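We did not get these values from a lab; they are worked out from the coordinates using the rules stated. Keep in mind that this is a model prediction, so the values were computed, not measured. Heads up, the Cβs are rebuilt from the backbone with ideal geometry, glycines too, and the neighbour counts pull from every protein chain shown.
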């Protein structure tokens, strides 16, 4: 499938509409107030964005939703589970059953450019001289070392200063790494060559899918690099044996233009470029929710493109991925049976509440009658389910698992477990900053998701978004400041109303590559190095 459909900013069915209505009441947007010109409306229509949606975005930019209210970090025994060794065989068997039934798909967001990996080597970085020297001194340890050496000779001749090597790595006359997607950079070196992050994701997916059935993967990519990904896939499959190559079923999709969002200038008016064009920006990884839903998948594994290790270090990663799949299947079966028991009249409200407390840590409001308890249980059960691996916090940047207050008018519970990013927290409040600092675990984006109901129909994922977790960020364009709107993050606000289980996984399963020098870490080096 190429291109996707879902626009997940409000309106969405019955999800926190009250805050949006409140924003529109406090800052009503008439045709004059919105200051959208006829040219603006044409630009929006070309992307599939209607006027009312653009005006809602302008309202959110003018009056951003409040930040989340953290209650406490999720910790072992309080929101985060352990999987003891005694349970590994049982859960592994459930994974094997799912693999044999061809139920597993891997979903990898891979549209990100590699530009940020090379920030310290860029011309505007004060760290550039130090980074150029480090690149030169470590050049033999990179998987792309041979290609880089050839590029230096071709581009610089006898020039061998430190800058020549970074120019050859990043520039148009060399490897052009700064303009490629991160997925297509050489990550790991082997005796017969190197592998990109994209290829390593394929190899890992084969271990998740099992030994016989199809190996299903889906990558979200940028439109400009789609053909390059297809060419790379053909080259990779040509290097594999026929039996393995024929099993791969790889799909690509791009972020829908309809998920782009408007920006405002310092006066809170729609931002126009120097040419007078309305500026629309990609709205973060939350814009990929439609791509995920379009898979129609039963069990979907989600992983970031850069969190991938060489084959020698994949066995433990695969072991824990299979355990997460097994746990998801076990809990989903339990929840399905509970739902069917309620439907058959075999389970009363008290029994349903006790099982939901054991299975998902969900507690109903006090003093609910029997009918209200059953309605509450049904509402809790009618949600997608995810199991999220969490690693011990060792200072990596990013979000983590927290208990969060839920003040929605239509909420079934007063608290929920959420993956929270720093952008969602008000650090000006000392109490919130203190809670954040006590986090024991980190989100490595290691998710396994069940996206179909007990009776087989697929969930409409937009129904489970918390639109109030959209957030405003400050940026610049053409030297002018602006505020842009990012959609609720894919594994943050976009999954806020999912049933969630957090599980501790070993830190050795997490090996992100945020800068080019992360490739020098032991987990990305050859096993014999």
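Give, in nm to one decimal, the length gained when the segment between residue 176 and residue 245 is fully stretched (0.36 nm per residue of separation minus the Cα-Cα distance).
Between residue 176 and residue 245, full extension yields an extra 22.0 nm.
Could you give the nm distance between label points at residue 226 and residue 371, where each point is 7 Å from its Cα heading toward the beta carbon?
Each label point lies 7 Å from its Cα, and together they span 5.2 nm.
Using Cα pairs closer than 8 Å and at least 6 residues apart in sequence, work out the relative contact order for the chain, in percent.
25 percent
In nanometres, what is the gap between the two model label sites at residue 358 and residue 318, each 7 Å from Cα along Cα-to-Cβ?
Using points 7 Å along Cα→Cβ, the separation is 3.5 nm.
Once you keep just the Cα pairs under 8 angstrom separated by 6 or more residues, what percentage relative contact order results for segment 173-323?
It comes to 25 percent, rounded to a whole number.
Once the piece of chain linking residue 476 and residue 39 is laid out straight, how much longer is it, given 0.36 nm per residue of separation minus the C-alpha distance between them?
Once the chain is fully extended between residue 476 and residue 39, it gains 155.1 nm.
Please give the calculated 222 nm ellipticity per residue for the chain, where each DSSP H segment of at least 4 residues contributes -39500 (n - 2.57) and the sum is spread over every residue; nearest 500 deg cm²/dmol?
Mean residue ellipticity, 222 nm, calculated: -10500 deg cm²/dmol.
For residue 463 and residue 139, what does the FRET efficiency come to when R0 = 30 Å and r is the distance between their Cβ atoms, rounded to the nearest 0.05?
0.05
Averaging sequence separations of C-alpha pairs under 8 Å and six or more residues apart, then dividing by the length of segment 421-529, give the relative contact order as a whole percent.
Relative contact order, segment 421-529: 18 percent.
Highest mean first, what order results for 516-522, 70-76, 455-461 on Cβ atoms within 10 Å?
Top of the packing list down: 70-76, 516-522, 455-461.
Determine the distance separating the Cα centre of segment 75-136 from the Cα centre of segment 489-529; give it in Å without decimals.
What the calculation gives is 3 Å, centre to centre.
How long is the gain from residue 78 to residue 267 if the chain were fully straight, where each residue apart is worth 0.36 nm and the alpha carbon distance is subtracted?
The span from residue 78 to residue 267 would gain 63.5 nm if fully extended.
Return the label of the correct value of Kirkwood radius over Cα pairs in Å, as calculated from the structure shown, out of (i) 29.8; (ii) 23.9; (iii) 24.9.
Label (iii) holds the value from this structure.
Sort out for me the Cα centre separation of segment 451-484 from segment 232-251, rounded to whole Å.
Each part's Cα centre sits 34 Å from the other's.
What FRET efficiency, computed as 1/(1 + (r/R0)^6) with R0 = 22 Å and r the Cβ-Cβ distance, is obtained for residue 311 and residue 113, rounded to the nearest 0.05?
Computed FRET efficiency for residue 311 and residue 113: 0.25.
What spacing in nm lies between the two simple spin-label points modelled at residue 514 and residue 47, each 7 Å away from Cα in the Cβ direction?
Each label point lies 7 Å from its Cα, and together they span 2.8 nm.
Taking 25 Å as R0, compute the FRET efficiency from the Cβ-Cβ separation of residue 71 and residue 396 and round it to 0.05.
The computed FRET efficiency comes out at 0.65.
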